[in-house]
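Chemist: Pasting in a structure now, in structure tokens, and then I'll have a few things to ask.
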Amino acid sequence: MAEQSLRSGLLLRLGIVLVIMLALDALACYFTALHYANLVYDRWLIDSTRSLAQAVRPDHGRALFDMPRVALQVFQFDEVDKTYFRITSSQQGIIAGEASLPVTPQIPLRGIRLSYATFKGEPVRIVATRIAPATPSETVTVEVAETLLKRSTLAGEILLGMVAPQVTLLAVALLLAWQGVSRGLKPLTDLAGEIEARGQRNLSPVIHSGWHRETRVLATRINELFVRLSEAMRAQKRFVADAAHQLRTPLAAILLHAERAERATDAPSEKEALRALHRSVERAARLSQQLLSLARTEPETGMTFEPQELDLGALARKIGEEWIPRALERDVDFGLLVPDDRVLIHGDHRLLAEMLSNLIDNALRYGNDGGHVTLIVEGGKIPKISVQDDGPGIPLAEREHIFERFYRLPGSTGEGCGLGLAIVQEIARLHHSKVEIATALDDRGSRFTVCFEAQPAA
């Protein structure tokens, strides 16, 4: 597809409008010229008709047409058009002229009527009048017809004289429009040149003082895009730095335990080194999974998903079953409280499963061995899902920090990496829901509750 130019598009639209206006003006000029040409020659025809009417005189009570042949030849002489006439008496019939000339009906006495007709295959203009020269009982109709060549020629000359200057004005208008459009688009070309001259890392705002309002709006939107790009690049750099920092420890531990296993001289030492190596690999895998989950839910990525209707209770049962073996390893009483009725929400099954797994993992890691962890689903207008434990709890002063990335409570003994709750908050944000923190029953432990959007009544 050919590259389109904004300047050419504007000039094309403006040129089309001007040409249409010129055509309409030419049409109006044509009818104006034709009107005045008809006005001039109609007056001549009327005078000619009256001259013929004066040649009709009474003779012994009858109408008589008395005009010398030479005068009649002079009357009909015309180098361009043809002139015809007819004189008709109401009692005598045709007195003189062309008998086959078209009849002009309803002519008032001593009045004038003008009309168009076709005679001998040519269009003609007819002027007719009716007089009573002898007696009122006998009326005479005088009709003069003329072809239209002079009228058309005069109308064309008038039209040419009116349209020619307007065509010149159209050309001048297009030239001025070209200059005006070029001058009007100059701020855009300057803006494009400034952006094109920048390096790929230069995201500083575009200076747009003194520009027109429309150009300032465009520059403002570009600056906003630069801000979002800067934030995305900073988030990417921060994520890469955090990932490198967090992966350094488990990778170093993996390398250390692998060397221990190689240097082990007996089976128990080798077995212990392999167990430690397995734990380090498991921690590195968990950290990698958490980092990938966090990257997918970053606000800067603009992640979108198509929410579908799902049963929150069924989701809780499915994810809860997957964590039962882990709870048994720590001798934790893992409970599930789900209503009998379905609790329907709109959301992404995969993301909500990740969110719930992080809440359960957080409760098992930081709760007490041999304690209690309960997964609770509540229906109603605002569906909720909660994970409750009886661990040491979270101090009020720390609750506003625990959703920060890589943040861990001072003195915590769990092996977490500080990303689980950050992922929970981002997934909740994507679902337009919020995460609430409260103290569990008997003022012990913590209860994390995700409150979803209000659902319409069933």
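Chemist: Restrict the check to region 152-170 and report whether at least one residue is touching a residue at least 40 places away in the same chain (Cβ under 8 Å), out of contact with any Ser or Thr (no Cβ under 9 Å at 6 or more places or on another chain) and over 30 Å from Ile20 (Cβ atoms).
Modeler: Checked against the condition, which is being touching a residue at least 40 places away in the same chain (Cβ under 8 Å), out of contact with any Ser or Thr (no Cβ under 9 Å at 6 or more places or on another chain) and over 30 Å from Ile20 (Cβ atoms), region 152-170 yields no hits at all.
Chemist: Within the bounds of region 60-69, is there any residue that is at pLDDT 80 or above, under 23 Å from Thr147 (Cα atoms) and in a helix (DSSP H, G or I)?
Modeler: Checked against the condition, which is being at pLDDT 80 or above, under 23 Å from Thr147 (Cα atoms) and in a helix (DSSP H, G or I), region 60-69 yields at least one hit.
Chemist: If you don't mind, there's one more thing I want to ask. Specify the residue that is farthest from Glu306 (Cα to Cα); the eligible residues are those in region 347-363 that are surrounded by fewer than 22 Cβ atoms within 10 Å (Cβ to Cβ) and without any contact (Cβ under 8 Å) to a residue 60 or more places away in the chain.
Modeler: Applying the filter and picking the extreme gives Asp361.
Chemist: Name the pairs: first residue in region 216-242 and among the hydroxyl-bearing types (Ser, Thr, Tyr), second residue not in a helix (DSSP H, G or I), Cβ to Cβ under 8 Å, at least 6 apart or on different chains?
Modeler: Final answer for the pair search is Thr220/His208; Ser230/Leu203.
Chemist: In region 79-93, which residue that is closer than 18 Å to Arg151 by Cβ and β-branched (Val, Ile, Thr) is modelled with the lowest pLDDT?
Modeler: Val80
Chemist: So which of Ile95, Ile107 ends up being touching a Phe, Trp or Tyr at 6+ places or on another chain (Cβ under 6 Å), on the phi < 0 side of the Ramachandran plot and either in a strand (DSSP E or B) or surrounded by 15 or more Cβ atoms within 10 Å (Cβ to Cβ) (or both)?
Modeler: Answer to the check: Ile95.
Chemist: Of everything in region 126-162 that's surrounded by fewer than 17 Cβ atoms within 10 Å (Cβ to Cβ), assigned to a helix (DSSP H, G or I) and not acidic (Asp, Glu), which residue is modelled with the highest pLDDT?
Modeler: Leu149
The values are calculated or read from the model by the stated rules, or taken from the named source; none is laboratory data. All values derive from a computational prediction rather than experimental measurement. No Cβ is skipped: glycine too gets one built from the backbone with ideal geometry, and neighbour counts run over all protein chains shown.
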